[in-house]
1. Could you check how many residues of segment 281-302 are exposed (fewer than 14 other Cβ atoms within 10 Å of the Cβ) and modelled with pLDDT of 90 or more?
2. Condition first: touching a residue at least 24 places away in the same chain (Cβ under 8 Å), touching a strand residue (DSSP E or B) at 6+ places or on another chain (Cβ under 9 Å), within 30 Å of residue 278 (Cβ to Cβ) and not in a helix (DSSP H, G or I). Can you find one or more residues in segment 217-237 that meet it?
3. Condition test on residue 146, is it at pLDDT 90 or above, part of a helix (DSSP H, G or I) and on the phi < 0 side of the Ramachandran plot?
4. For segment 32-50, state whether one or more residues are surrounded by 15 or more Cβ atoms within 10 Å (Cβ to Cβ) and over 26 Å from residue 158 (Cα atoms).
5. Just one of (1) farther than 20 Å from residue 136 by Cα; (2) in contact (Cβ under 8 Å) with a residue 40 or more places away in the chain; (3) crowded, with 16+ Cβ neighbours inside 10 Å trips up residue 4, so point out which.
6. Out of curiosity, is residue 68 under 19 Å from residue 153 (Cα atoms), crowded, with 21+ Cβ neighbours inside 10 Å and touching a helix residue (DSSP H, G or I) at 6+ places or on another chain (Cβ under 9 Å)?
7. Give the residue that is modelled with the lowest pLDDT, with candidates limited to residues of segment 634-653 that are exposed (fewer than 15 other Cβ atoms within 10 Å of the Cβ) and part of a strand (DSSP E or B).
8. Looking at segment 436-450, which of its residues are in a loop (DSSP other than H, G, I, E, B) and at pLDDT 85 or above?
């Protein structure tokens, strides 16, 4: 197999550099002699496969050598990094040392991912990964290839370990590959992890693809031929190919379509078209041909050539209504852009032999240096992991400054997140915002293409503690919250204690939890009540964190919600689960009216989601389109607690409507509602059925945000 590696390398690595690859293989083979993997194969197969994966990225000889050597220090007590440096030089030794440190950080992560020790270990792994990326991004490229080969052979691990590694891959490594623009590794990691985490859905989608493959491939061949002909007539040299979507991306699209009550049969863009042209002018010329032949769908166009993503990705995306009324996504890019889209930062690598330093690459990777700056403000392990997953790896929105500069933010970001991204201190002078020239609230969720203007005062203003509460919706990014929390920590302790006491009395005591102040403080790991109040006051501890702890205690029956004495203690609620897919819109069939306990099956309708029938229903037995039948089951019974909530507000037209809408938007059922008027004030008393303390706390915040509301409390009689 070393011959296969050398054959790939010889295409672009100078002949005099091939020797280091051969020497590294011989050294690794000797070091791993007698060692076996869990599969029973010689251990040397793993580093060799890792190096072969990096060969596809066309990385330099030193990176390939480091990939072959990446386990020798970890697996051999008598081999040190200094030995590697002596034989292969400081660059290879630095890469091997970096990968070894990342691997060792992974190994200390406990099996219980919810434990504090696991949170700290995961945070440490991520911190080291960011530092490794900043020092030499090839360390992370080796680690991604290492993880990909391990995921390909994951079936040899125990079941619990497989799930743990798959979840880590889906949470960290696949998004990391996406952030670096390495699509070829990203989709494989996602599919392999999804196969372990949700095997039923994986098998279901695989089966669906195999069933429909001929039909869909025939269709895509048809439109591919039409577009290729149109481009040739216009004199545009282009390569048109079909692009299959992968299983995990189809799973996410299936869930999205289910929310829109569409069936799997409606997903005609399981295959898309990709058009590769020679130059930039050809991209826009091809776009004109596509839109002239087929009608583009509104809101389905993105120009990532004019506005490249931070991970270097460039392409034009458009979705058009093709033959037979089916929507097809078309991606248009140059051959060089395609190379970057598949291999990301590796396509711009600075260290490839004979290549001058890539200024574009250096500029584009400024996001990494910014991340390192932001993460220094995040001290808690749990918050750091959250920051890593939300600020870096969540879906992104692209917005503009008034000067036309493009800013990339996590989906769901607000004008305050935007202000922080522009300058970390701008958030403290923000008094409002305009989006596309119109005033919007600070809780407005930014959308792709928005132009955002931050309205500021000339002086620094005190931020609101509500900004730190995620349920209030002011700030989405953990890095911005960390900056606000720093501001409060600098305030005087006495003021923080009083502020924390006020928050506790207002937000926590009204939940009517059966715990004293000291017990609540101890629950969050703080010995003294005053220290607890100070932490609440400076933002080190948030209401949301305390409510989450109370919710966990509630689940353990340590703390409970007390319903009013004259209300029944519980209300059962059941749901129907579409097995292997998740919750979809469902309705009970009138023809057979199944009830909880009956054997049931689901029928995918054209526009109403899944209709649930008894399994022996004549309509099901006589159904000719068997592929529209899906397996369903009765969901778990969930206990709901009736709670009386009193809302005091200034009376106005539409008040009751707005209050009930806020409750229903949280998915909470109202059993009773009484409104009383006293002069200019209204008192609205609701009986709501809630799941637990966490949902009750969220409901209070939503009600307090209704215009004219003065206060929201629990009512006990």
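1. Here the count works out to 4.
2. Step one: of segment 217-237, the residues touching a residue at least 24 places away in the same chain (Cβ under 8 Å) are 217, 219-220, 222-224, 226-227, 230-231, 234, 236-237.
This time we only want the ones that are touching a strand residue (DSSP E or B) at 6+ places or on another chain (Cβ under 9 Å), so: 217, 219-220, 223-224, 227, 231, 236-237.
Now drop any that are not within 30 Å of residue 278 (Cβ to Cβ), which leaves 217, 219-220, 223-224, 227, 231, 236-237.
From the residues that got through so far, the ones that are not in a helix (DSSP H, G or I) too are 236-237.
Checked against the condition, which is being touching a residue at least 24 places away in the same chain (Cβ under 8 Å), touching a strand residue (DSSP E or B) at 6+ places or on another chain (Cβ under 9 Å), within 30 Å of residue 278 (Cβ to Cβ) and not in a helix (DSSP H, G or I), segment 217-237 yields at least one hit.
3. Working: at pLDDT 90 or above: yes; part of a helix (DSSP H, G or I): yes; on the phi < 0 side of the Ramachandran plot: yes.
Against the criterion (at pLDDT 90 or above, part of a helix (DSSP H, G or I) and on the phi < 0 side of the Ramachandran plot), residue 146 qualifies.
4. No, that holds for no residue.
5. Among (1) farther than 20 Å from residue 136 by Cα; (2) in contact (Cβ under 8 Å) with a residue 40 or more places away in the chain; (3) crowded, with 16+ Cβ neighbours inside 10 Å, the lone unmet condition for residue 4 is (3).
6. yes
7. This residue is 638.
8. Selection gives 436, 437, 441, 442, 443, 444, 445, 446, 447, 450.
The values are calculated or read from the model by the stated rules, or taken from the named source; none is laboratory data. Note that the structure is a prediction, hence the values are computed from the model and not measured. Counting neighbours? That spans all protein chains shown, and the Cβs are built from the backbone with ideal geometry, glycine included.
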